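Have a look at the structure below, then the notes.
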Amino acid sequence: MLANTYSIQRQFEDALRALDAMLVLADAMDDREVRHRGLLVAAIVYNQVGEYALALRYADAIAADQPSVRTTCIITSVKLEAENGLGHSFADAVAYRGLEQCEGEPIIAAFIRWHLASQMAMQGREREAITLLAGYLAKVESTGYPFLIAQYHALLAELAMKAGAADVARQHAANALAISTEAMSAEANVKAHHVQYLLAAAEGDFESALSAYRLYAEAQRAHFNDVKSREMAYQVVRHQSLQQAQQIELLRQKNEVLELQKRVTEQRAQNWLLLALVLIAGLTSVGYWAYKTKRLQVRLKRMTETDALTGICNRQHFSERAAAALVQCARNAEPAVLVMFDLDHFKQVNDRFGHAAGDWALQRVAEAVRPLCRDVDAFGRLGGEEFALFLPGLDAAAAARLAGDAQARFGAVDTGAAGYGFRIAASFGVASVETADYSLATLMRQADQAMYAAKRGGRRQTRVFEAGMEPDTSSTPPAPIDLLRSALRGGAIDAIDAAAGRTRDADADRAIA
């Protein structure tokens, strides 16, 4: 009530100070109606001082808090005034919905019609605006509210002049000025004198036009000063609030300094300084070695988990990550796939260009595939030129597309830039939990079989494991994974010897080819 009273008396600095004291209590107010009244006053006062964005914020806060029908009516008027002040447009339906809530509130309904007519005037819809205001003018005059009556007549005068109804415009302007002193509306005075000036000038009555223009200029200057004084009131109060907040912060900081000084004095009075220094030195030493130990542990862990050449997971770490992810997929009944690929004719690269070229190619392969992996994916080098990807949440079709993307990236590697002349390509095998039943060993075996099916089919392609796909029994040497499995079954030496024999045979066949 105090803020509202100050604003009616045009004491906007006092009104804003009252708002500052009130708004901090809003969240603690349990009575919704009282809280809404306070926020409504804040929105109205902020509209009056030209802070339309703030007015909208408080109006929206009320609208989101289950307001009463009457409060909804007032909110509509406040929001339409703010939208006009910001130069924003609003749909006519918004105003008419607000009018439906204003039964028994003729003054608020009159304000809503005035705001809607003002927007219609800005949009060049003068005829609609005249119809809207003229049809409600008698109701407005019956309220006896001078400010509102003056605004209606002043706006109707402008609209009638634009519509070419000079006599009607002149009468409305005279009516607005007749109650201008009582209405205390500088804006209505400006509009009315401006209409009188334009009408006199259009009729060639330059003496009357000059007199009207002088009154119009004085009214405009008074209106400008009134608007600026309201805006300045907001800036003054805002500056004072900031200054007060800064002073409070400064006092808080001074208190902290005094507290710190007190602690320092107490510490200096202690006779255990030497012991404290010794303890500090000891703790520092322990911390240093703990830090060094931790770094060493991290480094060792990285070394045991990472393939030294490519920087991706080594076989052991890949298997651990894939196994853990597979358990999670099984628990959630989610899809998952394992992709294995082996570089085509990689031995020829080593034989022809040397192992440095082979190492370089392996690094480029890792760099090409790594961007295709998500955080949840596992990507590792199983050994030699054989790699694997575990992709939780994807099916075989998605894995095949990823393999195609990887193949394209391999083909884009420019080996000539490194001084070599070969092409990087790979054979991909894909296995899904649909056929492997969430068994990592089965997934790896099926992916391995699909990969060798791709090699037998001509290399540089992707095969998805299918039921009945048999493992390779040709002269193609077994993959490192097969050698390791054979070793785990106790037949390491026989498997390696047999592999060596098949490798020699295969090399001979390729040499002949």
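Just so you know, in segment 19-53 the residues that are part of a loop (DSSP other than H, G, I, E, B) and touching a residue at least 60 places away in the same chain (Cβ under 8 Å) include one that is nearest to the chain's Cα centre (by Cα), and it is Glu51. Among the residues of segment 133-147, those that are of a type in the set (A, V, I, L, M) and surrounded by fewer than 22 Cβ atoms within 10 Å (Cβ to Cβ) comprise Ala134, Leu137, Ala138.
Every residue in segment 161-192 that is within 20 Å of Arg214 (Cβ to Cβ) and either of a type outside the set (A, V, I, L, M) or touching a residue at least 60 places away in the same chain (Cβ under 8 Å) (or both), please. Scanning segment 161-192 gives Arg170, Ser180, Thr181, Ser185, Glu187, Asn189, Lys191. Is there a residue being in contact (Cβ under 8 Å) with a residue 40 or more places away in the chain and either of a type outside the set (Phe, Trp, Tyr) or outside any helix (DSSP H, G or I) (or both) anywhere in segment 56-69? No: zero hits.
The rows are residues; the columns are (1) closer than 20 Å to Ile8 by Cα; (2) not in a helix (DSSP H, G or I).
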{"position": "Glu103", "(1), (2)": "no, yes"}
{"position": "Ile107", "(1), (2)": "yes, no"}
{"position": "Ile112", "(1), (2)": "yes, no"}
{"position": "Leu116", "(1), (2)": "no, no"}
{"position": "Ala121", "(1), (2)": "no, no"}
{"position": "Glu128", "(1), (2)": "no, no"}
{"position": "Thr131", "(1), (2)": "no, no"}
{"position": "Ala138", "(1), (2)": "no, no"}
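Give me the pairs: first residue in segment 77-99 and over 12 Å from His115 (Cα atoms), second residue loosely packed, with under 14 Cβ neighbours inside 10 Å, beta-carbon distance under 8 Å, and six or more apart or on different chains, which are they? Note: pairs meeting the criteria are Leu86/Ala53.
All told, Ala63 meets the bar of being in contact with a Ser or Thr (Cβ under 8 Å, 6 or more places away or on another chain) and within 29 Å of Asp27 (Cβ to Cβ).
Being over 30 Å from Glu434 (Cα atoms), among the hydrophobic types (A, V, I, L, M, F, W, C), in contact (Cβ under 8 Å) with a residue 12 or more places away in the chain and surrounded by 14 or more Cβ atoms within 10 Å (Cβ to Cβ) holds for only one residue in Phe346, Phe318, Phe341, and it is Phe346.
Yes or no: Ile107 under 20 Å from Gln48 (Cβ atoms), not assigned by TED's automatic domain parsing to the domain that holds Leu40 and not polar (S, T, N, Q)?
Considered against the rule, which asks whether it is under 20 Å from Gln48 (Cβ atoms), not assigned by TED's automatic domain parsing to the domain that holds Leu40 and not polar (S, T, N, Q), Ile107 comes out as yes.
Is it the case, given these coordinates, that Val78 is over 25 Å from Ala53 (Cβ atoms) and outside any loop (DSSP other than H, G, I, E, B)? Answer is no for this residue.
Residues in segment 382-393 that are crowded, with 22+ Cβ neighbours inside 10 Å and modelled with pLDDT under 95: Leu382, Glu385. Look at (1) more than 30 Å from Phe387 (Cα to Cα); (2) touching a helix residue (DSSP H, G or I) at 6+ places or on another chain (Cβ under 9 Å) and you find that Ile280 fails only one, number (2).
Considering only segment 81-96, state which residues are in a helix (DSSP H, G or I) and not charged (D, E, K, R).
Looking only at segment 81-96, we keep the residues that are in a helix (DSSP H, G or I), and these are 81-86, 92-96.
Scanning segment 81-96 gives Ala82, Asn84, Gly85, Leu86, Ala93, Val94, Ala95, Tyr96.
May I ask you to verify whether Asp359 is buried (at least 17 other Cβ atoms within 10 Å of the Cβ) and of a type in the set (D, E, K, R)? No: the conditions fail for Asp359.
For segment 285-318, filtering for residues that are at pLDDT below 90 and at positive phi leaves 0.
The values are calculated or read from the model by the stated rules, or taken from the named source; none is laboratory data. Computed from a predicted model, the values in this text were never measured in an experiment. Ideal geometry is used to build each Cβ from the backbone, glycine not excepted, and the neighbour counts take in all protein chains shown.
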